[in-house]
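Beneath this line is the structure, given in structure tokens, with notes to follow.
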Amino acid sequence: MSAIEIKSLGHSVYISSNFYELSNRFFSDAKNNYSKFVVLLDENSSKHCLSPLLIEIDFLKDALFIEIESGEKNKSTATCERIWEQLAHIKADRKTLFINLGGGVISDLGGFAASTFKRGIDYINFPTTLLAQVDASVGGKVGIDLLNIKNAVGLFSTPKAVFIYPPFLRTLHSRQLLSGYAEMLKHALINDLEQWNNLKNLKVGKLFSDAELAQQVRIKNQIICLDFHEKSLRKSLNFGHTVGHAIESYSLQNDKIPLLHGEALAIGIICESYLSKKICGLDQKQFNDIIRYFLATFKKYKIKSKSFATLLEFMRNDKKNEGNKMQLSLLSEIGKCEINCVCNEEQLIESLDYYRKLIE
């Protein structure tokens, strides 16, 4: 069966459960087109996902393998500097191909390192988690965290290609699957009521088909192609993320086992659905539907009132803000998202307190 191809800006996303179909799309000529090959991975992708790559693309056995520790805490300037130093050590030139094999941290960090080394070398992504496959696989955002602020340093840079291999999902823990599922639900909430209703009946533990993953990539890709640099429409993809990123940053700073991105996003969606009802007139019935489903599906996280000030400080650093205005993307109804919705700090605290009381 042929790989599904989705054309994005400057590159294609290929999806296939046949690894040969994926590798043949790009690597048949790659050996002649590039001088060196570098593979960035973590301990999980090294253990579970590297083998198919080396079996189908045998010349990658001679590549430089850079292994970092998994986890958001390693998406840092220190890790990036280590990658640059290893590239310099092997005398990587601008004809070097950088291959990201891993989840969102790997693709964000690796894409940033490749895009800035010698003003940019080619890179490709093999996303191995559900979150990376349905979200980080398209959009061209690369970056690193700074002072626990998510993606504080970064740029827009597109890979040469993205290869999604659904069987990689068999290697994931249920937490990782649910983390990616949160982004899938967000796509539905901002885009399509029917899809929201369909996703609620999905069994998250099963292996997603090529077609199901392709549908998710297409939703985001349609938005990206209309607004790559996030001047307007693309901001809708940030629904749930102003509060969600703040929760994620707080957890990273304070918890021994930090929340995953999707777990924090689920909390952000609950809080921002509350703001959607208050500010954008989200229907009470639809609001109740969202809250019930997210509470039943995702991990609950205790937020104390004394942490609100810290969470607000993280929100003040959100990239969507302009001047002193806190700007969120909120729902007017399921399937319709309004951008640049101004919220004051009292309203944001109110939404956090709403979630706090929900789980007491």
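The values are calculated or read from the model by the stated rules, or taken from the named source; none is laboratory data. Everything numeric here is computed off the predicted structure, so don't read it as measured data. In this analysis, Cβ positions are derived from the backbone assuming ideal geometry, glycine residues included, and neighbour counts consider all displayed protein chains. Heavy atoms of the whole protein, side chains included, go into the accessibility calculation; ligands, DNA and RNA do not. Shrake-Rupley method; radii C 1.70, N 1.55, O 1.52, S 1.80 Å.
Some notes on this structure:
- Qualifying residue in region 114-128 (condition: open to solvent by 10 Å² or more (accessible area, probe 1.4 Å), under 10 Å from the mean Cα position of the chain (by Cα) and either modelled with pLDDT of 95 or more or closer than 21 Å to residue 59 by Cβ (or both)): no
- If the condition is being within 23 Å of residue 132 (Cα to Cα) and not hydrophobic (A, V, I, L, M, F, W, C), then region 62-80 contributes 67, 69, 70, 71, 72, 73, 74, 75, 76, 77, 79.
- Look at region 181-196: where a residue is assigned to a loop (DSSP other than H, G, I, E, B) and a partner is surrounded by fewer than 22 Cβ atoms within 10 Å (Cβ to Cβ), sitting 6+ places away or on another chain with Cβ atoms under 8 Å, you get 192/219; 192/335.
- Options 285, 256, 235: the member that is buried (at least 21 other Cβ atoms within 10 Å of the Cβ) and among the basic types (Lys, Arg): 235
- Condition check for residue 275: free of Cβ contacts under 8 Å to residues at least 60 places away in the same chain, more than 21 Å from residue 255 (Cβ to Cβ) and buried (at least 17 other Cβ atoms within 10 Å of the Cβ): no
- Among the conditions (1) touching a residue at least 24 places away in the same chain (Cβ under 8 Å); (2) more than 18 Å from the chain's Cα centre (by Cα), residue 155 misses just one, which is (2).
- For region 82-125, a residue qualifies if it is more than 15 Å from residue 41 (Cα to Cα) and either among the β-branched types (Val, Ile, Thr) or assigned to a strand (DSSP E or B) (or both), and the qualifying residues are 90, 96, 116, 121.
- Matching residues, region 194-211, being out of contact with any Ser or Thr (no Cβ under 8 Å at 6 or more places or on another chain), within 22 Å of residue 289 (Cβ to Cβ) and surrounded by fewer than 19 Cβ atoms within 10 Å (Cβ to Cβ): 194, 197, 198, 200, 201, 202, 203
- If the condition is being closer than 27 Å to residue 34 by Cβ and either more than 13 Å from the chain's Cα centre (by Cα) or open to solvent by 50 Å² or more (accessible area, probe 1.4 Å) (or both), then region 130-152 contributes only 141.
- Taking region 1-81 and the helices (runs of 4 or more DSSP H) fully enclosed by it, the elements with 1 or more residues that are closer than 15 Å to residue 99 by Cα and at pLDDT 95 or above are at 43-48, 50-56.
- Close contacts from region 134-148, counting a first residue that is farther than 27 Å from residue 188 by Cα and outside any strand (DSSP E or B) and a second that is of a type outside the set (A, V, I, L, M, F, W, C) and modelled with pLDDT of 90 or more, with Cβ to Cβ under 7 Å and a gap of 6+ residues or different chains, come to 148/249; 148/253.
- A search for C-beta distances below 6 Å between a residue of region 78-106 that is farther than 21 Å from residue 147 by Cβ and open to solvent by less than 60 Å² (accessible area, probe 1.4 Å) and any residue that is hydroxyl-bearing (Ser, Thr, Tyr) and in a strand (DSSP E or B), counting only pairs 6+ apart in sequence or on different chains, returns 98/123.
- Among the conditions (1) free of Cβ contacts under 8 Å to residues at least 60 places away in the same chain; (2) assigned to a helix (DSSP H, G or I), residue 259 misses just one, which is (2).
- In this entry, residue 162 is excluded by the filter for residues that are in contact with a Cys (Cβ under 8 Å, 6 or more places away or on another chain), surrounded by 16 or more Cβ atoms within 10 Å (Cβ to Cβ), touching a residue at least 24 places away in the same chain (Cβ under 8 Å) and not aromatic (Phe, Trp, Tyr).
- If you check 265, 311, 295 for being open to solvent by 30 Å² or more (accessible area, probe 1.4 Å), of a type in the set (A, V, I, L, M, F, W, C) and in contact (Cβ under 8 Å) with a residue 12 or more places away in the chain, only one passes: 295.
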